[in-house]
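Notes for the one structure printed next.
The values are calculated or read from the model by the stated rules, or taken from the named source; none is laboratory data. Every value quoted in this text rests on a predicted model; they were computed, and no experiment measured them. Don't worry about glycine lacking a Cβ; one is built from the backbone with ideal geometry, like all the others, and counts go over all protein chains shown. Heavy atoms of the whole protein, side chains included, go into the accessibility calculation; ligands, DNA and RNA do not. Shrake-Rupley method; radii C 1.70, N 1.55, O 1.52, S 1.80 Å.
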Amino acid sequence: MAKFTTLTSHAVPLPAENVDTDQIIPARFLKVTDKHGLGDSLFCDWRYLKDGSDNPEFVLNEAASQGARILIAGNNFGSGSSREHAPWALVGWGFRAIISTGFADIFRSNSLKNGLLPVEVNAEVYKALMEAVQRDRSTKITIELPTQSVTGVDGLEATFPIDAFSKHCLLEGVDQLGYLLSFDEQITSYEQQRT
Amino acid sequence: MKPRTLFQKVWDDHVVVQEPDRPAVLYIDLQLIHEVTSPQAFTGLRERGLKVRRPDKTVATMDHSTPTLPKSLWVIDDQSKAQLDQLETNCKEFGVELFALGDSRNGIVHVIGPERGFTQPGKTIVCGDSHTSTHGAFGALAFGIGTSEVEHVLATQCLLQRKAKTLEVRLDGQLMPGVTAKDIILALCAEIGTGGGTGYVIEFTGSAIRNLDMEGRMTVCNMSIEAGARAGMIAPDETTFEYLKGRDRVPQGADWDAAVERWSQLRTDEGATFDKTVVIDANQLEPMITYGTNPGMGMQIGESMPTADSFENASQRAAFEKAMGYMGLRPGQPLLGQKIDVVFIGSCTNSRIGDLRMAAGVFSGRKVAEGVRTLVVPGSHDIKKQAEAEGLDEIFKDAGAEWREPGCSMCIAMNGDNLEPGQYAVSTSNRNFEGRQGKGGRTFLASPLTAAASAITGKVTDPRSLLLS
């Protein structure tokens, strides 16, 4: 997995609440057998018009959004299905972190396995960052994983929670399956005890 | 020993390793697989040269993109076909049992797990599908996982998990006629919202839950995820054992008795505490319906939709207004009488025999309103057979509904069964997200009774107006 230490980037503001996984990537794009190339379908039904051209009113299509690595979105982001295609699509587009006041459980877990950092902040910090980004789309936000901090304009600094293991995995690029496989002996002995 | 909750007991029983500051290595007793969320996991195994550690604890089915037309009319698009073929190849190569399209045991993953008896009390069960919470109805700890985790479980039969908090949802009292399990869970979603259960495992308790049959309990646990909780659980009891007894994959003979003895211990001890409790008075529940674009945007069917000023903060108001815009509805208006185009009766939430009997009770001797397309999609071939043995298929067909082959169908609209842009549907499925049932489609979630009643009148209808007439 790609390592994550520090990220500085301008951000894409998406103030909607409860953005569900069906909006992040509609089900008709789940018919793939690999993980790649989903970035083009990210937010598909909001992003493209009926004729397939870009919807100029959708934030992702604005010039100011291009090259952004941070998405800042409303509460309860990623609710709904367990599709890992959601973080695959977000990462495929170029995002490496999402700032919100809350994330759905499965989405959070899936994101952490794909080098996509969920940054959970309180409502006040969210509001300040969102307003700053909406006011000036070139506003840079810095996310430092080692100190679990997010800094924006006007000296705004906040911390965000992450469990120690997920943090370790992101910092070191730890392969979680490799870690699990290292418990082979204990798993075998557990299986023997139970049968 | 300290009193423990049902969740704590199942959790404790499956911890293989718990190191400080690390997630637990949790043993998984059963992994269910389907075509959509598994291909990349098998690819991962191949790339690492790994095997499936316990094919005997792994079962696969095809359900999401399978056609529901009769076999002679099967049309599958190339991508779906490739995905189904891939599943078949993967299962063959890795020795995983597969109930493929055409197999008499095929059906929706969360329907056939319990039906065949794979689902049992006290098990840990996962699937790359958020509605895995369904299996918690049996006192299993069951939750949806992403594809990376599907690979983890295939390779190690374990998952790295941090323990969730516990939320008791207690329902005492008696449901009024016309009020069903679906209305219970829609009422909970409306009460706590789609993020209300985030971080929690729910245990449903109380007399109204005890009085539900297994199918009703599955409906309730199925939509726990719509309230944000990864898992919902109900302690097993005589109703559970009665349902399971004699099914294909449950223990038989003396082993059965021993299992029941063991399973009977799976209940929250007196004195055990939950991190949070929500109490709902079952006597007060009414048939529920959603009006918006997430399952938390629901109300009693006779109510009027809210107005923007009834929401506390600006972003909730914005979300509400966006939903109203998508749905093409006017705030503050009632939903009763709203004209509809489609009725869908099916999905892992409401496609079991009890659901079909409920719907058939409403359809019997009546006709679907002109211009309303009505799909009835059983959850499995077993259910289809049972329904046909009872003559339910004839009731549906006589009423003018389409009686289809099993599958997820219009719940997720991957198989060609979908709403057209702008159409309104009353659906017994679990999600009313924008575009969920087809791009531009508009969904009202409700019970099979409400869906059937609405099909008859062509409008959103309180089923009690037909049941009591």
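Residues in the stretch B:123-132: is at least one more than 10 Å from chain A (Cβ to nearest Cβ) and open to solvent by 10 Å² or more (accessible area, probe 1.4 Å)?
Yes, the stretch B:123-132 contains at least one residue that is more than 10 Å from chain A (Cβ to nearest Cβ) and open to solvent by 10 Å² or more (accessible area, probe 1.4 Å).
Any residue at all in the stretch A:32-50 that's polar (S, T, N, Q), open to solvent by 10 Å² or more (accessible area, probe 1.4 Å) and within 13 Å of another protein chain (Cβ to nearest Cβ)?
Within the stretch A:32-50 (the criterion being polar (S, T, N, Q), open to solvent by 10 Å² or more (accessible area, probe 1.4 Å) and within 13 Å of another protein chain (Cβ to nearest Cβ)), the answer is yes, since at least one residue qualifies.
Need the failing condition index for residue B:94 against (1) of a type outside the set (Asp, Glu); (2) farther than 30 Å from residue B:245 by Cβ; (3) open to solvent by 30 Å² or more (accessible area, probe 1.4 Å), just the number.
The failed condition is (3).
Residues in the stretch A:87-105: is at least one facing chain B (nearest Cβ under 7 Å), touching a Leu at 6+ places or on another chain (Cβ under 9 Å) and not in a loop (DSSP other than H, G, I, E, B)?
Within the stretch A:87-105 (the criterion being facing chain B (nearest Cβ under 7 Å), touching a Leu at 6+ places or on another chain (Cβ under 9 Å) and not in a loop (DSSP other than H, G, I, E, B)), the answer is no, since none of the residues qualifies.
Can you name every residue in the stretch A:1-12 that is open to solvent by 10 Å² or more (accessible area, probe 1.4 Å) and at pLDDT 95 or above?
Listed by number, the residues that qualify are A:5, A:6, A:7, A:8, A:10.
Under 7 Å by Cβ, and 6 or more places apart or on different chains, what pairs join a residue from the stretch A:178-189 that is within 7 Å of chain B (Cβ to nearest Cβ) with one that is open to solvent by 50 Å² or more (accessible area, probe 1.4 Å) and of a type in the set (Lys, Arg)?
Close Cβ pairs (under 7 Å, with a partner that is open to solvent by 50 Å² or more (accessible area, probe 1.4 Å) and of a type in the set (Lys, Arg)) do not exist here.
Scan the stretch B:54-67 for residues that are buried (at least 22 other Cβ atoms within 10 Å of the Cβ) and within 11 Å of chain A (Cβ to nearest Cβ) and report the count.
Going through the stretch B:54-67 one residue at a time, the tally reaches 2.
If you take the residues of the stretch B:209-254 that are within 14 Å of chain A (Cβ to nearest Cβ) and not in a helix (DSSP H, G or I), which of them is farthest from residue B:173 (Cα to Cα)?
B:251
Any idea how many residues of the stretch A:150-176 are assigned to a helix (DSSP H, G or I), surrounded by 13 or more Cβ atoms within 10 Å (Cβ to Cβ) and not charged (D, E, K, R)?
Matching residues across the stretch A:150-176 total 8.
With the condition kept exactly as written, say whether any residue in the stretch A:109-130 is part of a loop (DSSP other than H, G, I, E, B), touching a helix residue (DSSP H, G or I) at 6+ places or on another chain (Cβ under 9 Å) and among the charged types (D, E, K, R).
Within the stretch A:109-130, one or more residues are part of a loop (DSSP other than H, G, I, E, B), touching a helix residue (DSSP H, G or I) at 6+ places or on another chain (Cβ under 9 Å) and among the charged types (D, E, K, R).
Residues in the stretch B:97-121 that are in contact with a strand residue (DSSP E or B) (Cβ under 9 Å, 6 or more places away or on another chain) and open to solvent by less than 10 Å² (accessible area, probe 1.4 Å): how many?
10
I need a count of the residues in the stretch A:52-70 that are open to solvent by 20 Å² or more (accessible area, probe 1.4 Å) and touching a residue at least 60 places away in the same chain (Cβ under 8 Å).
3
Before we move on, is residue B:285 buried (at least 18 other Cβ atoms within 10 Å of the Cβ), over 30 Å from residue B:319 (Cα atoms) and within 23 Å of the chain's Cα centre (by Cα)?
Criteria not met by residue B:285.
If you go through the stretch B:249-268 one residue at a time, do you hit one that is over 22 Å from residue B:122 (Cβ atoms), of a type in the set (Phe, Trp, Tyr) and open to solvent by less than 40 Å² (accessible area, probe 1.4 Å)?
Checking the stretch B:249-268: not a single residue is over 22 Å from residue B:122 (Cβ atoms), of a type in the set (Phe, Trp, Tyr) and open to solvent by less than 40 Å² (accessible area, probe 1.4 Å).
Please count how many residues of the stretch B:3-44 are within 9 Å of chain A (Cβ to nearest Cβ), in contact (Cβ under 8 Å) with a residue 24 or more places away in the chain and of a type in the set (A, V, I, L, M).
Residues meeting the conditions: 3.
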